[in-house]
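Reviewing the structure listed below.
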Amino acid sequence: MAKHITARLMVALFATAALAACGKQGGFESLPGTGNTSQGSSDDGNSGQSGTPAPTEPAPPSAYDKMDLNGYVGGGTYENEKVLGIDKANNALLLYLPLPGAFSSLYIDVPQVKGVQIKTVMDSQQKARVAVSIPLKLIVKDRVTTLPATKLPNGNNLPMMPSGELPSLGLGLNPNSDNKVYLYFGVNAVGMFIESSLFPAFLGLTYPLKNAAATRTLGYFTIVPKSGAYNGGLFLSFILPNDLAKIIDDHLSGVIK
């Protein structure tokens, strides 16, 4: 009789211990990284909560992402030369002009206008070019008012610009040559002029700047002739279309607080 009681008691104690062990195991379900997938096989609406989450669809490109600001000369000796671009990662307009005469490497931060940078680069044909980076906010939001308004160095009005004179500054590119770059800042417009003695007095031509599809004009490229004692050169005028100005303004309003 005692043996039967002892056997029953041992069975009861074993069952109690097993139930306690099951209760402890259930606590691991709330810990991350356990790899428990038992809940995913049920039909209670939790089938997608465990394992690798489904990939999310990438956001569609914004109007700013899709915007094309590459500009090419529409004729003449410099036809198809790329003179406009955009650095979307840094929200900056890029201006390029061929560098006449001797080439020297340079990199200039322009303290008079915060964020403007000038450097020389080589194109795909290993020809020297001057590249200017201008923050887009200076074109569509802020206004450069700390610089004097001037015309071309020879006193003529700025070619193909909304105003004959604009706030500007001039910077020497190479102490061993006559190359000098002038920048002009307007409302939704900027100009760039590189002077050089290599341009004769009789050579003066203007060509439109077209986008890659040649469907719209983004500005003009002008060969400025020599005038008396003043050198000629190359003038780039960028005139931002209203619809693109709106896209840029909306984008900058989201990234600049």
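The values are calculated or read from the model by the stated rules, or taken from the named source; none is laboratory data. Quick caveat, the model's predicted, so the values are computed rather than measured. For neighbour counting, all protein chains shown are included, and Cβ atoms are generated from backbone atoms with ideal geometry for every residue, glycine included. All accessible areas refer to the heavy atoms of the entire protein, side chains included, with ligands and DNA or RNA removed. Shrake-Rupley method; radii C 1.70, N 1.55, O 1.52, S 1.80 Å.
At least 2 residues that are touching a residue at least 24 places away in the same chain (Cβ under 8 Å) and either of a type in the set (S, T, N, Q) or under 23 Å from LEU252 (Cβ atoms) (or both) in each: list the strands (runs of 3 or more DSSP E) lying fully within region 70-118 that qualify. Quick ask: steps written out before the conclusion?
Details: elements: 71-73, 82-87, 92-98, 107-109.
Filter on region 70-118 gives 82-87, 92-98.
Can you tell me which residue within region 129-154, out of those that are farther than 21 Å from LEU106 by Cβ and hydroxyl-bearing (Ser, Thr, Tyr), is surrounded by the most Cβ atoms within 10 Å (Cβ to Cβ)?
Applying the filter and picking the extreme gives THR150.
Only one of (1) open to solvent by less than 40 Å² (accessible area, probe 1.4 Å); (2) under 22 Å from SER133 (Cβ atoms); (3) among the β-branched types (Val, Ile, Thr); (4) modelled with pLDDT of 95 or more fails for ILE194. Which number is that?
(4)
Could you list, in sequence order, all residues of region 163-191 that are surrounded by fewer than 19 Cβ atoms within 10 Å (Cβ to Cβ), at pLDDT below 90 and either in contact with a helix residue (DSSP H, G or I) (Cβ under 7 Å, 6 or more places away or on another chain) or part of a loop (DSSP other than H, G, I, E, B) (or both)?
ASN174, PRO175, ASN176, SER177, ASP178
Tell me which residues, restricted to region 232-257, are touching a helix residue (DSSP H, G or I) at 6+ places or on another chain (Cβ under 7 Å) and under 17 Å from LEU84 (Cβ atoms). Spell out the reasoning first.
Narrowing region 232-257 to residues touching a helix residue (DSSP H, G or I) at 6+ places or on another chain (Cβ under 7 Å): 240, 245, 247-249, 251-252, 256.
The answer is LEU240, ALA245, ILE247, ILE248.
Evaluate region 241-248: report whether one residue or more is among the basic types (Lys, Arg), under 20 Å from the mean Cα position of the chain (by Cα) and either in a strand (DSSP E or B) or surrounded by fewer than 21 Cβ atoms within 10 Å (Cβ to Cβ) (or both). Quick ask: steps written out before the conclusion?
Keep residues of region 241-248 that are among the basic types (Lys, Arg), which gives 246.
Okay, now just the ones that are also under 20 Å from the mean Cα position of the chain (by Cα), so 246.
Add one more test, that the residue is either in a strand (DSSP E or B) or surrounded by fewer than 21 Cβ atoms within 10 Å (Cβ to Cβ) (or both), and what stays is 246.
Yes, there is a match, as at least one residue in region 241-248 is among the basic types (Lys, Arg), under 20 Å from the mean Cα position of the chain (by Cα) and either in a strand (DSSP E or B) or surrounded by fewer than 21 Cβ atoms within 10 Å (Cβ to Cβ) (or both).
In region 197-210, what residues are among the polar types (S, T, N, Q) and either modelled with pLDDT of 95 or more or within 16 Å of VAL130 (Cβ to Cβ) (or both)?
Applying the first criterion (among the polar types (S, T, N, Q)) to region 197-210 yields 197, 206.
If the condition is that a residue be among the polar types (S, T, N, Q) and either modelled with pLDDT of 95 or more or within 16 Å of VAL130 (Cβ to Cβ) (or both), then THR206 is the only one that fits.
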